[in-house]
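First the structure, in the form of structure tokens, and then the observations on it.
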Protein chains: 2
Amino acid sequence: MPDKRIAVLSPIAWRTPPRQYGAWETVASNIAEGLVARGWDVTLFATADSITRAHLHAVVDRGYEEDSTIDPKVAEYLHISEAFEHAGEFDLIHSHYDFMALSYTRLVKTPVLTTIHGFSSPQIMPVYEKYRDGNFVSISNSDRAPGLNYLATVYNGIDLSLYPLQQSRGDKLVFLGRIHPDKGVHLAIEVAHMSGLPLRIAGIIQDQAYFRDQVEPNLSDTIRYIGAVDVAGKNALFAEARALLHLNTIPERFGLVLAEANAAGVPVIAMDLGSCREVIEDGVTGFLVQDVNQAVLALDRLPGIDSSACRSRVGRHFSIETMVEGYERVYRRIFKEHAQNGLPSGG
Amino acid sequence: MPDKRIAVLSPIAWRTPPRQYGAWETVASNIAEGLVARGWDVTLFATADSITRAHLHAVVDRGYEEDSTIDPKVAEYLHISEAFEHAGEFDLIHSHYDFMALSYTRLVKTPVLTTIHGFSSPQIMPVYEKYRDGNFVSISNSDRAPGLNYLATVYNGIDLSLYPLQQSRGDKLVFLGRIHPDKGVHLAIEVAHMSGLPLRIAGIIQDQAYFRDQVEPNLSDTIRYIGAVDVAGKNALFAEARALLHLNTIPERFGLVLAEANAAGVPVIAMDLGSCREVIEDGVTGFLVQDVNQAVLALDRLPGIDSSACRSRVGRHFSIETMVEGYERVYRRIFKEHAQNGLPSGG
């Protein structure tokens, strides 16, 4: 199918790929680059400072989270509409832009596929209900809303070359993610206290009050917050990691960091909520737990986890190649249905 | 032209027409009702609780300023896209929806006219720059941005029957408008202090700190804040008004309340900034001033203002009929240009 032209519509909260945090932009980037590597003609709609081997189409200079002079609302309207105004140049628009892009889909002939990276609030559901007959992909089987026309689950893929297998296991517990109650930083701290093991906490502070009240008072020589980290920072953490603690308090949608840790050979102790049981194979690449006590007990079983088994599972299920193959199957189905409906492909 | 079908896209911050505050919704309502009265086939896109003789098309139950359960961003995307998804049913979409609606205009064949009720922030200007070749109407000659394709200025029109001519002049100064520094409530208070005349202040509090620091400490038996008022409340104020004080500190875009006061025969003392000199005829329907001192001096000249001259000027320039006739001229020009471009009218 490499004669088909694909538009990948990335978010513009951050650069694509992001410098540090930015899961949606990371996945959009991996898809765009993966498609290019397999010969597709890809145009990436993203911020102007984005880095890609695809054609870059940008009307917003920088991510609105990285430049306070940018009005997010204005930037979003300009960015999303720009992609749809160029719909006629593409055989498919692959949107990673939340609910907003859906509102343009019925105004173009080009088919649109939306990867739902998460339902950012219950209040956006009326938009999904209106456009429920669109084309949707879920990023885990657990993260699905009833009634939407899902064509498949396609797991997020990571670039394994960015996260090399660590030669030996470290002695520290690691938390990696947004500092927010949803991510259970306070539970990771409890595990550190109960086990007496050192803990490293890394990630952007999304909930300042939570950080101030439930994280900061617990910081010490052994429990440290090191700020947001980039890929090199993540690898430095993986190098000294005994395990990644991911004790989320709400259902996880996918959990990119679980795959990244596993790729580096680091076992993951994850709350059995949402997609964690799809990403982590219990007893093989980590442990699924119900509470802090089980997480502490799981620490004793870590030596039984084989680092290369962790990495090889990521290679099979959560690589860019696997993801892109998954999307290629979805694209082909859409092209076929679009042709059968007698609509000219390419708006 | 009554065979043409017009869609009027109203904002959804408030009901159309609004119960109290809501200038954009007021004007959209007056246009829709005025067009219906002249035989046009009009569909009003507005909140579901809106009141109109046009066909009402609504996907949002109530104004997001009146119902905190409504997410403004979600409601706006649903509301605006709904109108454009139905573009094919109309010969013209007349948008009152700020910059957001522009982002859909190139995706439909139906011509779109945008009345710019104000540039809500400098950050929205890139959107106007992108769509500068669209069809725009300004609501005063003073409120224009360079480079946009303005087809005309059409002054806002009010329903004169709502504001009957008061039989006699009262003794109080009246401020009517949002409680915000832009509207110069503090300057009206200064005039009251300097002249010793009683002042009545009415309007929604948009800037709480401003109200607390610069309005509330000045309230007394003679200077009173009476909250937001509806049409009946405005007329009660006009009945006891010596003059309306409108000492705006930034250029006024139009100033509906100036026309409303004049319709009731109440003279207006207005800062000579922005559109005020287009709405008020200096020495005939009120006085244009440069500062508080001039406003105080103007008070002595109020007996020279003839109430019926105030009202008759509003009837000539700022009635619904005059406004609708102005828009009809613009519509005809758009229909003509659209036909000449060989585009089928009606998308």
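Some notes on this structure:
- When A:Tyr21 is tested against the conditions (1) surrounded by fewer than 22 Cβ atoms within 10 Å (Cβ to Cβ); (2) within 21 Å of A:Ile6 (Cα to Cα); (3) within 17 Å of the chain's Cα centre (by Cα), the lone failure is (2).
- Looking at A:Asn248, A:Asn262, A:Asn293, just one residue is open to solvent by 10 Å² or more (accessible area, probe 1.4 Å) and either farther than 21 Å from A:Met323 by Cβ or not aliphatic (A, V, I, L, M) (or both), and that residue is A:Asn293.
- When segment A:175-200 is filtered for residues that are outside any helix (DSSP H, G or I), hydrophobic (A, V, I, L, M, F, W, C) and more than 19 Å from the chain's Cα centre (by Cα), the ones remaining, listed by number, are A:Leu197, A:Leu199.
- Per-region count, segment B:86-109, residues over 19 Å from B:Phe335 (Cα atoms) and either at pLDDT below 95 or of a type in the set (Val, Ile, Thr) (or both): 1
- Enumeration of residues in segment A:193-218 that are closer than 18 Å to A:Leu244 by Cα and either touching a Phe, Trp or Tyr at 6+ places or on another chain (Cβ under 9 Å) or of a type in the set (Phe, Trp, Tyr) (or both): A:Leu199, A:Arg200, A:Ile201, A:Ala202, A:Gly203, A:Ile204, A:Val215
- Contact map, segment A:87-115: residues that are of a type in the set (Gly, Ala, Ser) paired with residues that are open to solvent by 10 Å² or more (accessible area, probe 1.4 Å) and assigned to a strand (DSSP E or B), Cβ distance under 6 Å, separation 6+ or inter-chain. Pairs shown: A:Ser95/A:Val112.
- Pairs are defined by a Cβ separation below 6 Å, a sequence spacing of at least 6 or placement on different chains, a first member in segment A:330-347 that is at pLDDT below 85, and a second member that is not in a loop (DSSP other than H, G, I, E, B); the pairs so defined are A:Ser345/A:His338; A:Gly347/A:Ala87; A:Gly347/A:Gly88.
- Some residue of segment B:136-144 being buried (at least 21 other Cβ atoms within 10 Å of the Cβ), more than 14 Å from chain A (Cβ to nearest Cβ) and in contact (Cβ under 8 Å) with a residue 24 or more places away in the chain: yes
- Residue list for segment B:101-129, restricted to those being surrounded by fewer than 21 Cβ atoms within 10 Å (Cβ to Cβ), in a loop (DSSP other than H, G, I, E, B) and more than 8 Å from chain A (Cβ to nearest Cβ): B:Lys109, B:Gly118, B:Phe119, B:Ser120
- Taken together, the criteria place A:Val231 among residues that are surrounded by fewer than 19 Cβ atoms within 10 Å (Cβ to Cβ) and at pLDDT below 95.
- Residue in segment B:260-277 that is touching a strand residue (DSSP E or B) at 6+ places or on another chain (Cβ under 8 Å), of a type in the set (Gly, Ala, Ser) and free of Cβ contacts under 8 Å to residues at least 40 places away in the same chain present: yes
- Number of residues in segment B:145-154 that are open to solvent by 20 Å² or more (accessible area, probe 1.4 Å), in a loop (DSSP other than H, G, I, E, B) and over 15 Å from B:Val112 (Cα atoms) equals 2.
- If you check A:Asp300, A:Asp282, A:Asp306 for being over 23 Å from A:Leu160 (Cβ atoms), at pLDDT 95 or above and open to solvent by 30 Å² or more (accessible area, probe 1.4 Å), only one passes: A:Asp300.
- When residues of segment B:56-100 are limited to those that are polar (S, T, N, Q) and surrounded by fewer than 18 Cβ atoms within 10 Å (Cβ to Cβ), the one nearest to the other protein chains (Cβ to nearest Cβ): B:Thr69
- Residue that is farthest from the other protein chains (Cβ to nearest Cβ) [pool: residues in segment A:155-173 that are surrounded by 15 or more Cβ atoms within 10 Å (Cβ to Cβ) and of a type in the set (Ser, Thr, Tyr)]: A:Tyr163
The values are calculated or read from the model by the stated rules, or taken from the named source; none is laboratory data. Being a predicted model, the structure only gives us computed values, none of them experimental. No Cβ is skipped: glycine too gets one built from the backbone with ideal geometry, and neighbour counts run over all protein chains shown. Remember, those area values only see protein heavy atoms, side chains included, never the ligands or the DNA or RNA. Shrake-Rupley method; radii C 1.70, N 1.55, O 1.52, S 1.80 Å.
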